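S.K.: The following block contains the structure, expressed as structure tokens.
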Amino acid sequence: MTDTPTPFGHFHPPREEWLAKAEPEAALEPDLPIIDTHHHLWAWGRRYQYLLQELRADAECGHNIVATVFEECHSMYRADGPEEMRVVGETEFVAGIAAMSRSGFYGPTKVAIGIVGAADLTLGDAVQEVLAEQVRAGGGRFCGVRHSGAWDADPIIGTNADRPGLYREEGFGRGLDVLAGMGLVLDAWVFHTQLDDVIALAGDHPEASIVLCHCGGPLGYGPYTGKQDDVHREWLARMAVLAKCPNVTVKLGGMMMRLAAYDYGTEPRPPTSAELAALWQPYIEPCIELFGAERCMVESNFPVEKMGIGYGALWNTFKRITAGASEAEKAAIYSETAKRVYKLAV
């Protein structure tokens, strides 16, 4: 134990020696096909890398990971050229890794069969040129954009957007219309305090397909510490309204850092899947009930979640929470929703 607060909201390389202390777990429902709809690929010099080999090592955990979707993470942007076009470097980088995976030398999982990249939607109509270049670079894999709107007034939370209310800006709305017109998806990332922004966005742009990341971003650290009941009440009320927007789908997972329900900085070992399921069920189960299985998909958010749990135990967590679902519901949650929403060629 330590008196130093765990820096929730900030990524640090996972501690392999700590992860090794986890209780061994066999994969539950090992034949269930899974599409991991949200993971990152990074190479930070000598500090840390999470590339195809690292993802493959995690995926060889007994679960049936048939394919994955890469999620933008400011990785390998071009070092030169027009500022708005530099994001294309990330897609070029990931398309190369996807090609490596397709060779079959790295196991059966089709890594990055979908690519959710980056583009500045506040460019409005001018974003079309960027998106066209992203589609070209993706080689048939580019399926959407994540433009984060996550912002909080308290600096300890850490933000992904440089200002509040980004999703309500006129320029962003025009950019979203361009994105939707090209048949691409918006991955929306906000905190639970900002869900009204997504509700407004979905209502104003009913033709846009919006995927809400990380169960809607419930917060549990900083000024939200010890306010779990208030946070859950506020989150649930907004999610109930958002669920009435038929163009919104929700990703289940991605709460290790922000919900901060398990203190991976101070606990002597990672949680078991049963322990994490008990902490996450109050958020994941209502999402399924409100949106329906056909508008839910699962995400690993690796390697971010790897700060707190191993890949195999994470999927056991989800499977424990969905144990009572029908076979059709499980098929939707674990693969079919992702296929449809992202138009994946699996």
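S.K.: So which residues in the range 305-326 are closer than 21 Å to P282 by Cβ and either in a helix (DSSP H, G or I) or among the β-branched types (V, I, T) (or both), if there are any at all? So that I can check it myself, show each step before the final result.
M.R.: Restricting attention to the range 305-326, the residues satisfying the condition of being closer than 21 Å to P282 by Cβ are 305, 308-309, 313-325.
Answer for the range 305-326, where residues must be closer than 21 Å to P282 by Cβ and either in a helix (DSSP H, G or I) or among the β-branched types (V, I, T) (or both): E305, I309, A313, L314, W315, N316, T317, F318, K319, R320, I321, T322.
S.K.: So which residues in the range 196-249 are buried (at least 16 other Cβ atoms within 10 Å of the Cβ) and assigned to a loop (DSSP other than H, G, I, E, B)?
M.R.: Scanning the range 196-249 gives H205, A208, S209, C213, G217, P218, L219, G220, Y221, A243, C245, N247.
S.K.: Further question: In the range 312-324, which residues are out of contact with any strand residue (DSSP E or B) (no Cβ under 9 Å at 6 or more places or on another chain) and buried (at least 17 other Cβ atoms within 10 Å of the Cβ)? Full working, then the answer.
M.R.: Narrowing the range 312-324 to residues out of contact with any strand residue (DSSP E or B) (no Cβ under 9 Å at 6 or more places or on another chain): 312-313, 316-317, 319-320, 323-324.
Listed by number, the residues that qualify are G312, A313, N316, T317, K319, R320.
S.K.: Out of the range 288-311, which residues are of a type in the set (A, V, I, L, M) and surrounded by fewer than 24 Cβ atoms within 10 Å (Cβ to Cβ)? Walk me through how you get there before you give the answer.
M.R.: Initially, the range 288-311 is screened for residues of a type in the set (A, V, I, L, M), giving 288, 290, 293, 297-298, 304, 307, 309.
Once the filter is applied, which keeps residues that are of a type in the set (A, V, I, L, M) and surrounded by fewer than 24 Cβ atoms within 10 Å (Cβ to Cβ), the range 288-311 yields I288, L290, A293, V304, M307.
S.K.: Which of the residues that make up the range 7-41 are without any contact (Cβ under 8 Å) to a residue 24 or more places away in the chain and of a type in the set (A, V, I, L, M)?
M.R.: Selection gives A20 alone.
S.K.: For the range 26-34, does any single residue satisfy the condition of being within 24 Å of the chain's Cα centre (by Cα) and more than 24 Å from A112 (Cβ to Cβ)?
M.R.: In the first step, residues of the range 26-34 are kept if they are within 24 Å of the chain's Cα centre (by Cα); the result is 27-34.
Right, trim to more than 24 Å from A112 (Cβ to Cβ) and you get 28-29.
Yes.
S.K.: Would you mind stating whether G292 is modelled with pLDDT of 95 or more and either closer than 23 Å to D229 by Cα or over 17 Å from the mean Cα position of the chain (by Cα) (or both)?
M.R.: Details: modelled with pLDDT of 95 or more: yes; either closer than 23 Å to D229 by Cα or over 17 Å from the mean Cα position of the chain (by Cα) (or both): yes.
For G292, the condition - modelled with pLDDT of 95 or more and either closer than 23 Å to D229 by Cα or over 17 Å from the mean Cα position of the chain (by Cα) (or both) - is met.
S.K.: I've got another one for you. Suppose we filter the range 133-147 for residues that are surrounded by fewer than 18 Cβ atoms within 10 Å (Cβ to Cβ) and in contact (Cβ under 8 Å) with a residue 24 or more places away in the chain; how many remain? If you could, list the steps in order and put the result at the bottom.
M.R.: Narrowing the range 133-147 to residues surrounded by fewer than 18 Cβ atoms within 10 Å (Cβ to Cβ): 136, 139-140.
Now restrict to residues that are in contact (Cβ under 8 Å) with a residue 24 or more places away in the chain: 139-140.
The qualifying residues number 2.
S.K.: Right, another one. Cβ-Cβ under 6 Å, sequence separation 6+ or interchain: first residue in the range 238-252 and closer than 15 Å to Y283 by Cα, partner of a type in the set (G, A, S) and surrounded by 23 or more Cβ atoms within 10 Å (Cβ to Cβ). Which pairs?
M.R.: Matching pairs, first to second residue: M239/G216.
S.K.: Out of all the residues in the range 131-154, which are in contact with a Leu (Cβ under 7 Å, 6 or more places away or on another chain) and either farther than 18 Å from W189 by Cα or small (G, A, S) (or both)?
M.R.: Passing the criteria: L131, G144, G149.
S.K.: Looking at (1) of a type in the set (S, T, N, Q); (2) within 19 Å of P270 (Cβ to Cβ); (3) part of a helix (DSSP H, G or I), find the lone condition where T6 falls short.
M.R.: (3)
S.K.: If E289 satisfies every condition in (1) in contact (Cβ under 8 Å) with a residue 12 or more places away in the chain; (2) part of a helix (DSSP H, G or I) but one, which is the exception?
M.R.: Only one criterion in (1) in contact (Cβ under 8 Å) with a residue 12 or more places away in the chain; (2) part of a helix (DSSP H, G or I) is unmet by E289, namely (1).
S.K.: Now, a different point. Please list, ordered by first then second residue, the pairs with beta carbon atoms under 9 Å, 6 or more apart or interchain, first in the range 256-270 and on the phi > 0 side of the Ramachandran plot, second part of a loop (DSSP other than H, G, I, E, B).
M.R.: Between residues of the range 256-270 that are on the phi > 0 side of the Ramachandran plot and residues that are part of a loop (DSSP other than H, G, I, E, B), the close pairs are A260/T6; A260/F8; A260/G9; A260/L219; A260/G220; A260/Y221; A260/T225.
S.K.: Across the range 186-214, what is the number of residues that are among the hydroxyl-bearing types (S, T, Y) and closer than 15 Å to H147 by Cβ? So that I can check it myself, show each step before the final result.
M.R.: First, pick out the residues of the range 186-214 that are among the hydroxyl-bearing types (S, T, Y): 193, 209.
With the extra rule that they be closer than 15 Å to H147 by Cβ, the set shrinks to 209.
Within the range 186-214, residues that are among the hydroxyl-bearing types (S, T, Y) and closer than 15 Å to H147 by Cβ number 1.
S.K.: Just to be sure I understand the filter: pairs with C-beta atoms under 9 Å, separated by 6 or more residues or on different chains, first member in the range 157-177 and under 15 Å from D204 (Cα atoms), second member among the acidic types (D, E) and not in a helix (DSSP H, G or I). Which pairs pass?
M.R.: G175/D120; D177/E207
S.K.: Could you please find all residues in the range 167-215 being aromatic (F, W, Y), farther than 20 Å from A126 by Cβ and touching a strand residue (DSSP E or B) at 6+ places or on another chain (Cβ under 8 Å)?
M.R.: Residues of the range 167-215 aromatic (F, W, Y): 167, 172, 189, 191.
Pick out the ones that are also farther than 20 Å from A126 by Cβ and you get 189, 191.
Result: W189, single match.
S.K.: Name the single residue, out of those in the range 57-112 being assigned to a loop (DSSP other than H, G, I, E, B) and of a type in the set (A, V, I, L, M, F, W, C), that is surrounded by the fewest Cβ atoms within 10 Å (Cβ to Cβ).
M.R.: Going through the range 57-112, the residues assigned to a loop (DSSP other than H, G, I, E, B) turn out to be 60-63, 72-82, 86-87, 103-109.
So of that shortlist, the ones also of a type in the set (A, V, I, L, M, F, W, C) come out as 61, 73, 76, 79, 87, 105.
Working: C61: 18, C73: 20, M76: 19, A79: 7, V87: 22, F105: 9.
By that ranking, first place goes to A79.
S.K.: If you don't mind, another one. Restricted to the range 265-287, and to residues that are over 18 Å from F8 (Cβ atoms) and hydroxyl-bearing (S, T, Y), which residue is surrounded by the most Cβ atoms within 10 Å (Cβ to Cβ)?
M.R.: The extreme case among them is S273.
The values are calculated or read from the model by the stated rules, or taken from the named source; none is laboratory data. In this text, all values refer to a predicted model and were calculated from it rather than measured experimentally. For neighbour counting, all protein chains shown are included, and Cβ atoms are generated from backbone atoms with ideal geometry for every residue, glycine included.
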